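Comments concern the structure below.
Derivation of every value follows stated rules applied to the coordinates shown; laboratory data play no part. This structure is a prediction, so every number in the text was calculated from the model and none was measured. Cβ atoms come from the backbone with ideal geometry, glycine included; neighbour counts cover every protein chain shown.
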Amino acid sequence: MSRIAYVNGRYRPHRDARIHVEDRGYQFADGVYEVCEVRGARIVDERRHMARLTRSLAELRIGLPMGLAALSVVLHETVRRNRVRDGIVYLQVTRGVARRDHAFPAAGTAPSVVVTARALDAAKAEKVAADGIAVVTLSDNRWARPDIKSVSLLPNILAKQAARDAGAREAWFIDANGFVTEGASSNAWIVTPEGEVVTRPVDNSILNGISRTVVLDAIAAQGLRLAERPFTVVEAKAAREAFVTAASQIVQPVVRIDGAPVGDGRPGPVATALRREFHRHAEFT
Ligand code: PDD
């Protein structure tokens with residue numbers, strides 16, 4: 001089956017889907033994105049993803065390319081045309097096409113919109129979660145606004161590749177004070193030896209993960225103890241459990257940090273239960 005991509009008002013065969021060479025997303029990474037999970041052919045937490053998109057756009061003074069109702073139709077239509085049951089839908093909005101000049105283009109320049117969708121192998125994802133993943137740590141060399149979901153991802157790409165090169169699946173960024181900020185494409189969590197679930201509070205230094213907010217609800221429902229505070233790498237290595245959250249992987253247990261096992265080196269009960277219960281606390285549209 002051939003894939004379809006939505007590009008600026010048209011549904012195109014994926015192989016022919018094109019953006020202009022002077023699109024500011026291409027020239028400057030001047031744009032933002034969202035990734036939503038698709039489960040059972042429905043979009044997970046669309047409302048919260050669109051709220052975050054609206055915020056990212058506002059922070060960068062990029063106009064909303066169309067109303068949220070119209071955008072919702074495009075997201076669902078792209079999922080439908082690609083016959084995705086379980087996978088992801090990707091949305092990118094850039095400041096549009098204009099002659100290359102760092103300052104904003106003329107008012108009225110239309111933002112560019114791309115939507116793609118693809119299936120992910122659910123069985124494979126479960127296998128990865130059953131084994132747990134390894135992470136490596138490296139210093140957080142990103143700009144001061146990781147709360148904006150910008151397509152400008154060079155540090156994240158380099159960090160992810162460093163993880164791959166070390167046989168790990170994720171990289172955790174460490175701030176100047178030794179605290180974990182977040183993963184290259186996920187939020188970071190630990191469970192302390194006392195059983196407290198810890199994650200960094202949301203501010204400009206991390207992305208306000210939608211899966212993070214869902215997991216906060218699951219934690220409350222399960223009556224777990226929670227602390228939203230920064231934690232260090234040293235603390236993470238001594239934790240009983242660790243895990244990451246992101247739309248594309250929900251809750252993923254972390255079993256090794258920089259080569260050292262976390263807890264007994266197996267996915268722990270807290271991460272496993274949060275993964276199992278995740279979709280009870282998510283919204284489907
Ligand atoms: N990544 N932090 C970073 C840096 C991320 O890139 C992501 C998501 C998250 C988790 O956010 P959410 O729970 O809303 O997915 C945190 C997406 C999935 C990606 O880049 O593919």
- Rounded, prolate or oblate (a/c below 1.5 giving rounded, otherwise prolate when a/b exceeds b/c) for the stretch 1-83 by Cα gyration tensor: oblate
- Task: For the stretch 143-217, give the magnitude of the charge dipole about the Cα centre (Cβ charges: +1 Lys/Arg, -1 Asp/Glu; no others), in debye to the nearest 20.
- Result: 340
- Query: Out of Ile43, His20, Ala58, whose Cα points farthest toward the positive end of the dipole of the stretch 1-72 (charges: +1 Lys, Arg; -1 Asp, Glu; placed on Cβ)?
  - Reply: Ile43
- GluC sites (Glu not before Pro) restricted to DSSP loop in the stretch 118-201 with at most 15 other C-beta within 10 Å: Glu194
- Can you tell me what the convex hull of the Cα atoms of the stretch 201-244 projects to on average, as an area in nm²? 3.5
- Task: Just report the Cα centroid separation between the stretch 1-45 and the stretch 179-247, whole Å.
- Result: 30
- Item | Net length gained if the chain between His102 and Ser139 were fully extended (0.36 nm per residue, minus Cα distance) | 10.5 nm
- Query: Can you list the aspartates and glutamates whose alpha carbon is less than 18 Å from that of Lys124, not counting same-chain residues fewer than 8 positions off?
  - Reply: Glu37, Asp86, Glu170
- Message: Just to check I understand the Karplus step: with θ = phi - 60° and J = 6.51 cos²θ - 1.76 cosθ + 1.60, what whole-Hz values come out for the stretch 199-214, glycine and proline as x?
- Response: 8, 5, x, 7, 8, 5, 7, 9, 7, 7, x, 5, 4, 4, 5, 5
- Query: In deg cm²/dmol, rounded to 500, what helix-only [θ] at 222 nm does the chain give when every DSSP H run of at least 4 residues adds -39500 (n - 2.57) and the total is split over its residues?
  - Reply: -8500 deg cm²/dmol
- Item | For q = 0.10, 0.25 Å⁻¹, Debye-computed log10 I/I(0) when each Cα of the stretch 158-241 counts as one equal scatterer | -0.25, -1.33
- Message: Can you compute the charge dipole magnitude of the chain about its Cα centre, using +1 on each Lys and Arg Cβ and -1 on each Asp and Glu Cβ, nothing else charged? Give it in debye, rounded to the nearest 20.
- Response: 1020
- Ranked list, fewest to most other Cβ atoms within 10 Å of each Cβ, for Thr213, Thr78, Thr285, Thr181: Thr285, Thr213, Thr181, Thr78
- Going by the alpha-carbon gyration tensor, a ≥ b ≥ c the square roots of its eigenvalues, is the stretch 50-139 rounded (a/c under 1.5) or, if a/c is not under 1.5, prolate (a/b greater than b/c) versus oblate? oblate
- Task: Work out from phi, with θ = phi - 60° and the Karplus expression 6.51 cos²θ - 1.76 cosθ + 1.60, the ³J(HN,Hα) of each residue of the stretch 163-176, listed in order in whole Hz, and give x for Gly and Pro.
- Result: 5, 4, 4, 9, x, 10, 9, 9, 10, 9, 7, 10, 7, 4
- Task: Could you line up Met1, Met66, Met50 from fewest to most neighbouring Cβ atoms inside 10 Å?
- Result: Met1, Met66, Met50
- Taking Lys and Arg as +1 and Asp and Glu as -1, residues besides Val97 with C-beta under 13 Å from its C-beta add up to +1
- Message: Loop-only GluC sites (Glu not before Pro) in the stretch 7-60, please: DSSP not H, G, I, E or B, and at most 16 other Cβ atoms within 10 Å.
- Response: Glu22
- Arrange the following residues from fewest to most other Cβ atoms within 10 Å of their Cβ: Asp165, Asp175. Asp165, Asp175
- For the stretch 76-185, what number results from the quotient of the Cα radius of gyration and 2.2 N^0.38 Å? 1.37
- Item | Rg over Rh [alpha-carbon atoms, Kirkwood Rh] for the chain | 0.97
